[in-house]
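Asks: Mind looking over this structure? Questions follow.
The values are calculated or read from the model by the stated rules, or taken from the named source; none is laboratory data. Not measured: the values here are computed from a predicted model. Only protein heavy atoms, including side chains, enter the accessible area calculation; ligands, DNA and RNA are left aside. Shrake-Rupley method; radii C 1.70, N 1.55, O 1.52, S 1.80 Å.
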Amino acid sequence: MKRNILLSLFVALFVSLITQKCLAEPVRKVSDERQEFIDLAISLKGTPYKYAGKTPKTGFDCSGYVSYVANFGAGKRIPSNSKGMYKAVEKIEEKDREPGDLMFFRTTSSGAISHVGIYLGLYQGEGKFKNKRIFIHAASDGPETGVIITDIEDSYWSEHFADWGRILPESK
């Protein structure tokens, strides 16, 4: 009887650990350069959306926001439009992504790259993003606009996702 109880507890613990391992993306420490980039990106959350906006004072569109964060958060000069950024960045596989990499989307009927955001990784805090992979971007439309954080599995964004890109070296 005692052996059956111990065996049952062991199996329950083992299944729980395996389930958590499968559901969660590993948490990786990012480089200091990536962390500075991410810190600036997050500090601008709430900045209003402005078409062709390139500064926190006037507001941002998606590419103006990412270009600003790249320049002032990482010292990287990149094109100031999403199509140009997409052409300029190193393309990476989803399995290689890490916080601070860029996410590109096709949101127009032309099928061209038309939106860009910054991947933040797996959120492990409390609230609506608990255990969700999130990104930050300047949204022009929807329930929230301006610089916002969004779940990458959101139906609109997952449907329009195109590719991953990298402007910062991989964390070691």
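Asks: How much accessible surface area, in Å² rounded to 10, belongs to the heavy atoms of Ser109 with a 1.4 Å probe?
Replies: Roughly 130 Å² of Ser109 is accessible to a 1.4 Å probe.
Asks: Which order do you get for Asp32, Asp151 if you rank them by accessible area with a 1.4 Å probe, largest at the top? Spell out each step's value before the answer.
Replies: Details: Asp32 110, Asp151 30 Å².
Sorted by accessible area, descending: Asp32, Asp151.
Asks: What percentage of the solvent-accessible surface of region 108-172, computed with a 1.4 Å probe over protein heavy atoms, is contributed by carbon and sulfur atoms?
Replies: Values: 1500 of 3270 Å².
So the carbon and sulfur contribution to the accessible surface is 46 percent.
Asks: Protein chains only, probe 1.4 Å: how do Phe161, Phe72 rank by accessible area, largest first? Present the calculation step by step, with values, prior to reporting the outcome.
Replies: Working: Phe161 70, Phe72 135 Å².
Result, largest first: Phe72, Phe161.
Asks: Given a 1.4 Å probe and heavy atoms of the protein chains only, how would you sort Lys83, Lys128, Lys91, largest accessible area at the top? Write down the numbers at each step before the final one.
Replies: Values: Lys83 110, Lys128 145, Lys91 85 Å².
From most exposed to least exposed: Lys128, Lys83, Lys91.
Asks: How big is the accessible area of Ile167 in square angstrom, nearest 10, if you roll a 1.4 angstrom probe over the protein chains?
Replies: Ile167 exposes around 30 Å² with every protein chain in place.
Asks: Determine the share of region 34-92's accessible area contributed by carbon and sulfur atoms, expressed in whole percent, with a 1.4 angstrom probe.
Replies: Working: 1640 of 3150 Å².
With neighbouring chains kept in place, the figure for region 34-92 is 52 percent.
Asks: Sticking with this structure for a sec: Among rounded, prolate and oblate, which fits region 78-172 when a ≥ b ≥ c are the square roots of the eigenvalues of its C-alpha gyration tensor, a/c under 1.5 means rounded, and a/b larger than b/c means prolate? Could you put the intermediate results ahead of the total?
Replies: Values: a/c = 1.78, a/b = 1.10, b/c = 1.61.
Oblate shape, in that a/c is at least 1.5 and b/c is the bigger or equal ratio.
Asks: Please calculate how many Å² of accessible area region 63-164 carries per residue, with a 1.4 Å probe and no DNA, RNA or ligand atoms counted.
Replies: That works out to 48 Å² per residue.
Asks: Would you mind checking the pairs Lys87/Lys128; Lys50/Lys130; Lys29/Lys130 and listing those with alpha carbons more than 27 angstrom apart?
Replies: Working: Lys87/Lys128 34 Å; Lys50/Lys130 29 Å; Lys29/Lys130 18 Å.
Going by Cα-Cα distance, Lys87/Lys128; Lys50/Lys130 fall outside the 27 Å limit.
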